[in-house]
Amino acid sequence: MPQASSSSSSAPPPKRTKYDELGAIEPFYTGSGSTSLTRSGRYLFTALDNEVLCSDVEDGAGRVIGRLEPDGEEISSISVTPNGSHVCITTRAASCTLYIYAINSFAPFTASRTRSQARAHDAPVAISHVDSTGSLLATGSADGIVKMWDIHGGFVTHVLRGHGGIVSAIAFAIVAQRSRLFTSSVDGRIRVWDLNDRPKQGAQKPIATLGGHMSVVRGLSVSVSGKRLISGSRDKTICTWEMNARGAWALKETIAASEGVEACGFVGEDEEDVFYTGGTSSQVRLWSFRSGSVVRQQPAAPALSGAGHDDEGEGELQGVVGVHQSETALVSLHADSRMIWRSPIDLARQRQLVGFNDEAVDSALLGNHLAVATNSSAIRIYPLPALGGSEQQPGSVSLLPSEPSQPGHTENVLSIDASASGNLLVSGSKDRTARIWAPRDGEWRCIAVAEGHAECVGAVGFSRKVWPDEELPRFLVTASQDRTVKVWDLSPLANATSSPLRLRSLVTLRVHDKAINSLEVAPNDSLLVTGSQDRTAKVFKLAYSPPSKANSQTASAKLSPLATLKGHKRGVWSVAFSPVDPAILTTSGDRTAKLWSLRDFACVKTFEGHSHSVLKGRFLQGSKGTQIVTAGADGLVKLWNVRDEECTTTMEASEDRIWSVSSFGSGEGLAVAGADGHLRYYNDVTEQAQLEELKEREKGVEREQHYENLLAVHDYRGAILICLAEGQPKRLLNLFTKVAASKRARDVTTSLMDLALADDNAAAPEDITGVDEALATLPASHLGQLLKYIRAWNASSRTAGVAQGILHCLLRSYSADELLDAGGDEALDALIAYSERHYARAERMLIESAVLDYVVNLMGGSGEEGEAVTNGNGAHASEDGEGMDEDDESSDGEASELDSMDED
């Protein structure tokens, strides 16, 4: 069992109560759609739904720095000028509009629309391309028409007709002031156009039509001299063309590419002989134009024997869909959303990005890196952002396996776990295997495979105890949807070779009635806990014997059921051992997390607060088991204090489910992986928040003292401005009420109503005069805010008198235009409606009072017993006090009516 910490005298762990977002890795490329790269290779423009995203990809950061949304329709093509001065965008809208933006700045990103040309084509634009000078744009549509545009002028220079289908590729050749355009379409033909020779009448015709492909041509490139042309097609061929002495184009050679070619282009110092190709095999290759053979190819690792890789299927999913050439690299874009920077000389990989993580299902910490399992057979490894304001940027990513040809999972990865030392990673997959990964020669490689489960491997976990002089964990536990748990011996890893080892299962035990969602090994390796869809978590005693002379160098293991934790009403999604106390944390689909004691296996704490299933729960690193963090299907991450079950902070971390949350850096940082494809990082700012709260409290005390000082010297203007600046309507109302009460000893409401109706020339007390002067010199912003307060006060009968008095003062001090400009038009309707109601009520009271006076006078003149007298307040009373009772009763009725008005 986990034991309590022996260092009881150590300082208590910090209580973290607030996290702020530190950064995020968001989707910017999904493996399809138009893309464009500046010549410097730093800024990449990609299409994501109806937006164009500009990302800074320097050093592999992949940070989205800007967004453009032309008309809300899906983006069909993007072309950026080589120097990044303009970007041209077309969408699939029915209007077929061409948008041209001038990029003002990249830091921060700002762009202004300079041209918007409606009906640029009669059919949707399929492709666009900018020439090397950045002044001409060619667009090709689905009806086979190609148009040339002047980017700066925004007008059409050429209309080229001749293709019988969708235009699929475009290339410029500008040599010695001679401009030519090469286009191709789905008919497999290439047409050459002379842009300098424009006919005086009729449509322009191509100077050459080249036929050499049987399918759609996807790649075209012209050499620097303009005398050599290469074309690549989906018919798995590459054609090389050469201009003869007469200026005519002739087919030099047709090369079998053994893959559907999606991109090709000349590369190298002279750009005359070496060219690249990329296609469905997911590889970039370098060819020689002269010999027609491959001169350089990506290194291919041997496939794992019996791994079941489907090369053709993998190629379709991971194939190259485009290649961009920057000043220093070839950037290949893959269908699985990868972007790989390679040297144009030897194709060595320089860096790699993943544009879309899809749905992240699990994550694990690997030292200062985070491994993420997504809806893919490959595992992503991201560097964690540095805490404390460092300039390190997250986003540069490694993949496991690093190359599609290397051994790896053949289906989606469902779960991952890292060893205690962070030097090993294990993954479980739908392919019914678990694989162990370790760094080899600068990249992560698969070193072992565990096969034996009959269904998907949904949970994996290494042994946690770190033994002296041992860097590797001793055993591995896997759980599957076949409802079994297996323990695997890892002692052979000490002698691991370049080929993945086959692990041996030590014990297999059926432990649940439904699929197993999670498992974890205790910190001392003596217990195992599993969570299942059968609504239970089960605890097992785990005994492992390493190879030794006593057991003939054969490891063994034993699992013994210890307890079943029942209490959840839905399936258990995650389990975790406390790092300090003998306790287990479970989370469930019943929207709760529970803490269980390992002494009597009873539930001791229940954490409620999520509105949907709680999918992950972990003890916060560095908290010594005093705080936990949970993530749910409601997109929320919550931090809890274990002692009082209090939620200290809630973060809206995703627009979809959150399957994984990990704490790093002793709990200062959180990494959240959600189903929305975002990877978000959070930084603990508890100390800063407490300091800001303390400073704000001190400022509040200073402001309070300053306010009291202003009142003491009758500086009402300053006091009123402080209340308005700090947004304190209650204090402002008390100020006006206090000043009005100092004038008369009667009811405040009556006093201010009398003041509002009094003669403007009547003498006013000093306090009221000071307030009037303050109200008459308010700034426009504060005047508008005061009108809003008056509107609210006027809606209540208790404060209507104050509101009417202030409003009367404002109407005397400001013109109608000044009040309307300050925001009076917003409050006008409410002020009129409630004012009419209040004055109607006052009029009714006056009429009723007059009737009452008339009746009392009649009663006094009738000679009845008890002569009617008038008291000092003007109310009539008989000698026996009955009149006084009637007046009190009338007052109670009026008070009731005022309360009713206030409720209205």
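Relative to the longest principal axis of the Cα atoms of the chain, the long axis of helix 748-757 makes an angle of roughly 90 degrees. Where the alpha-carbon atoms of the stretch 58-118 are placed on the principal axes, they occupy 39, 20, 18 Å, in descending order. Using the Cβ of Ser498 as centre and a radius below 9 Å, the other residues enclosed give a net charge of +2, where K and R count +1 and D and E count -1. Going by accessible surface with a 1.4 Å probe and the largest first, Asp482, Asp469 read Asp469, Asp482. Take the alpha carbon atoms of the stretch 816-845, find their center, do the same for the stretch 501-571, and report the distance between the two centers in whole angstrom. Using only Cα atoms to place each centre, the spacing works out to 75 Å. Using the 1.4 Å probe convention, the accessible area of the stretch 27-161 works out to 37 Å² per residue with neighbouring protein chains retained. Look at the dipole of the chain built from charges on Cβ: of Ala438, Leu365, Ile127, the Cα furthest out on the positive end belongs to Ala438.
Estimated at 0.36 nm per residue, the fully extended path between Thr508 and Glu698 surpasses their Cα-Cα distance by 62.0 nm.
Applying the Karplus relation 6.51 cos²θ - 1.76 cosθ + 1.60 with θ = phi - 60° to the stretch 846-853 yields 3J(HN,Hα) values of 5, 5, 5, 5, 5, 4, 4, 4 Hz, where x marks Gly and Pro. The distance linking the stretch 772-798 with the stretch 603-682 is 45 Å (Cα centroid to Cα centroid, whole angstrom). Local charge for Asp684 was computed over the other residues whose Cβ lies under 11 Å away, with Lys and Arg +1 and Asp and Glu -1, and equals 0. Expressed as a whole percent, the accessible surface of the chain that belongs to carbon and sulfur atoms is 47, based on a 1.4 Å probe. Between Ser95 and Arg731, full extension at 0.36 nm per residue minus the direct alpha carbon distance yields a gain of 223.2 nm.
Put +1 on the Cβ of every Lys and Arg and -1 on every Asp and Glu Cβ in the chain; which of Ser288, Ile584, Ser343 then has its Cα farthest towards the positive end of the dipole? Sorting the options by dipole projection puts first Ser288. With a Förster radius of 22 Å applied to the C-beta separation of Thr606 and Thr650, the computed FRET efficiency comes to 0.80.
The convex hull drawn around the Cα atoms of the chain, when projected onto a plane and averaged over every direction, covers 57.7 nm².
Rounded to the nearest 10 degrees, the angle from helix 729-741 to the longest Cα principal axis of the chain is 10 degrees.
Rounded to two decimals, the Cα-based Rg/Rh of the stretch 27-161, with Kirkwood Rh, is 0.94. Relative to the longest principal axis of the Cα atoms of the chain, the long axis of helix 882-903 lies at roughly 10 degrees. Length gained on full extension, Glu253 to Glu451: 66.4 nm, using 0.36 nm per residue less the C-alpha separation. Sort out for me the Cα centre separation of the stretch 432-461 from the stretch 80-104, rounded to whole Å. When both Cα centres are located, 46 Å separates them. Measuring with a 1.4 angstrom probe and ignoring ligands and nucleic acids, Leu820 comes out at about 80 Å² accessible. The magnitude of the dipole of the chain, with charges of +1 and -1 set on the Cβ of Lys/Arg and Asp/Glu and taken from the Cα centre, is near 7380 debye. Annotation for the stretch 437-525: trypsin sites (Lys or Arg not before Pro) lying in DSSP loop with at most 16 further Cβ atoms inside 10 Å of their Cβ are Lys465, Lys514. Using a probe of 1.4 Å, the accessible surface attributed to Arg189 totals some 110 Å² when neighbouring protein chains are kept in position. The relative contact order of the chain, computed from alpha carbon pairs under 8 Å that lie at least 6 residues apart in sequence, is 7 percent. Placing R0 at 30 angstrom, the Cβ-Cβ distance between Arg119 and Gln201 gives a FRET efficiency of 0.80 after rounding to 0.05. Here Lys252 is the anchor, and the lysines within straight C-alpha reach of less than 18 Å, apart from those fewer than 8 places off in the same chain, are Lys227, Lys236.
The values are calculated or read from the model by the stated rules, or taken from the named source; none is laboratory data. The structure presented is a predicted model; accordingly, all values stated were derived computationally and were not measured. Reconstructed Cβ throughout: ideal geometry from the backbone, glycine too, with neighbour counts over all protein chains shown. Side chains included, ligands, DNA and RNA excluded: accessible areas come from the protein's heavy atoms. Shrake-Rupley method; radii C 1.70, N 1.55, O 1.52, S 1.80 Å.
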